[in-house]
Ligand code: HMG
C-alpha cells in the first residue's frame, strides 16, 4: 500500500492580539479564570484587510516556496467562517499562490472538524495518484459576541498541509474512529456573524464524542493507548485539551500522563481557538516544541466539530522530519506580535462598514504578503503585495 500523509505543514496567525489580562481587567474579573480556568493567555485578532483567504495563503506560502507548486492539482480549504456562500475561498488562495490552472478547488464545512475529512480524502486521492499532491488548508476566525461567555475563547489562524505519497513529516494511519450526532451545542445561522452556543453542553458532548470515536477506532483495529507517545486534541481553549487527555486516559483504562498533551497546548494558548486549524496548530506545536527526537513515534489526533462530527486517528512521525518543520518562521510569527488595548480590540472586532453599491478600500495593515485590498461592487479584491 502506498504510504501517504503530510509532506510539510505550516501555520499563520495575525500580528495583533489582546491579552486576556486586558480582557479580565475590562470585565473586572480575576485573570486566573482565563489563565488557569480556561488555559488561555492571548486571542489573535485579524485586521480588516485580513481574513480566511489571506491567512490561508500566508500559511501555505513557505510550503510552496520550499516544495514547489507543479504537482499540486487540488486545493481543499476547510473553514466555518467562509466569506462567500457560493464561491470557494480556495479559488482566491489558488490565485494568490499562483498555482497551475489545471487544479480543482473546493471548500469544506462541518464546524471545527472539516480539515480532518479533507486530510483523509487527500490521503486517499494521493494513494490513487501518487505523482499528485493536495494542498489541504484549515483557516478560521473564531469570533464570539462581546461580553459573552465565549469571548475569552476567540482567536484566528490557518494551517496548510501538503499531502502526498512522500509523507516526509507524518504518515497518516489508515484506521479511523468516527462519531456523529445531531445536537445544537454550537451553530451559526446564515444571517449571523457570531455563533450561538451552549458552552457547558458543548464541552460535555466533545468529551462524549472523544470516547465514542476512540471506541470506534479500537473496534476498527487501531493502535492501543500505550502505543501513543503524544495526543493532540481540537483545542477551543487549552484547558479543554487537559480535560480531554484526562478523559481519554480514564476511559482507555490508563493512568494519566499530562506530558502526552502538554507541548500541543503551547501555541494554542497564545493564539486562541482557530476552529478548523486548532487541532493542526496543536500538531505543529507538538512537533516544534519536542525536546526529544520524535522519529517513529505515534501521535493520536482527536478532531471535533460541533453539531457534531468527530474523528480519532493516528499519525507516525517520519525519519528526518525536523528538516521539514518551519520552527523559526512559526516562532517569529508568534514573537513579533503586538498587543492591543481594549478600545483597539473593539475596533478590530467590529465588522468594517462595507458600501454594498460601491468601493470600500481597506488600509494596508496586514503584516503578511497577502491582503484584502478592497471590496468593489461586492467583489473581494485580494492582492499579493510583492507582485505590486
Ligand atoms: P464560563 O461560564 O465563562 O466559565 O464558560 P466557567 O464559569 O465554567 O469557568 C471556566 C473554568 O474556570 C471552570 O473550571 C472554573 O472553575 C474556572 P472547570 O469547572 O471547567 O474545571 N475558574 C477559575 N479558575 C481559576 N481562578 C478563577 C476561576 N474562576 C473560574 N478565579 C466556556 C467557559 C468554555 C463554557 C465558555 O467560554 C464557552 O462557552 N466557550 C465557547 C464554547 C466552547 O469553546 N466549547 C468547547 C467544546 S465545543 C468545541 O470545541 C467546538 C467549537 O470549537 C466550535 C466548532 O466546532 O466549530 C467551540
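Any read-out appearing in this document is the output of simple, stated calculations on the displayed coordinates, not a laboratory observation. Remember, it's a predicted structure, so these values are computed and weren't measured experimentally. Here Cβ is always computed from backbone atoms with ideal geometry, including for glycine, and neighbour counts include all displayed protein chains.
For the stretch 148-163, the candidate set comprises residues that are over 16 Å from residue 80 (Cβ atoms) and more than 11 Å from the ligand (Cβ to nearest atom); within that set, the residue that is surrounded by the fewest Cβ atoms within 10 Å (Cβ to Cβ) is 162. Every residue in the stretch 218-243 that is buried (at least 24 other Cβ atoms within 10 Å of the Cβ) and part of a helix (DSSP H, G or I), please. Result: 238, 240, 241. Scanning the stretch 209-229 turns up at least one residue that is without any contact (Cβ under 8 Å) to a residue 60 or more places away in the chain, within 16 Å of the ligand (Cβ to nearest atom) and within 17 Å of residue 113 (Cα to Cα). Among residues of the stretch 124-140 that are surrounded by fewer than 19 Cβ atoms within 10 Å (Cβ to Cβ), those with a beta-carbon under 8 Å from a residue that is in a helix (DSSP H, G or I) at least six positions away or on a different chain give the pairs 132/125; 132/126. Against the conditions (1) buried (at least 20 other Cβ atoms within 10 Å of the Cβ); (2) out of contact with any helix residue (DSSP H, G or I) (no Cβ under 8 Å at 6 or more places or on another chain); (3) within 18 Å of residue 79 (Cβ to Cβ), residue 115 satisfies every one except (2).
Only one entry in 110, 95 is in contact (Cβ under 8 Å) with a residue 40 or more places away in the chain, more than 16 Å from the ligand (Cβ to nearest atom) and under 22 Å from the mean Cα position of the chain (by Cα), namely 95. Can you tell which of 250, 200 is more than 13 Å from the ligand (Cβ to nearest atom) and either on the phi > 0 side of the Ramachandran plot or out of contact with any helix residue (DSSP H, G or I) (no Cβ under 7 Å at 6 or more places or on another chain) (or both)? Exactly one residue qualifies, and that residue is 250. Selection within the stretch 38-57: residues that are assigned to a helix (DSSP H, G or I) and touching a helix residue (DSSP H, G or I) at 6+ places or on another chain (Cβ under 7 Å). The member of this set that is farthest from the ligand (Cβ to nearest atom) is 57.
Picking from residues in the stretch 125-160 that are under 21 Å from the mean Cα position of the chain (by Cα) and not in a strand (DSSP E or B), the one that is farthest from residue 26 (Cα to Cα) is 143. Among the residues making up the stretch 58-73, those that are in contact (Cβ under 8 Å) with a residue 24 or more places away in the chain and in a helix (DSSP H, G or I) are 58, 59, 60, 61, 62, 63, 64, 66, 67. Can you confirm whether the stretch 334-341 contains a residue that is free of Cβ contacts under 8 Å to residues at least 60 places away in the same chain, under 23 Å from residue 281 (Cα atoms) and surrounded by 11 or more Cβ atoms within 10 Å (Cβ to Cβ)? Within the stretch 334-341, not a single residue is free of Cβ contacts under 8 Å to residues at least 60 places away in the same chain, under 23 Å from residue 281 (Cα atoms) and surrounded by 11 or more Cβ atoms within 10 Å (Cβ to Cβ).
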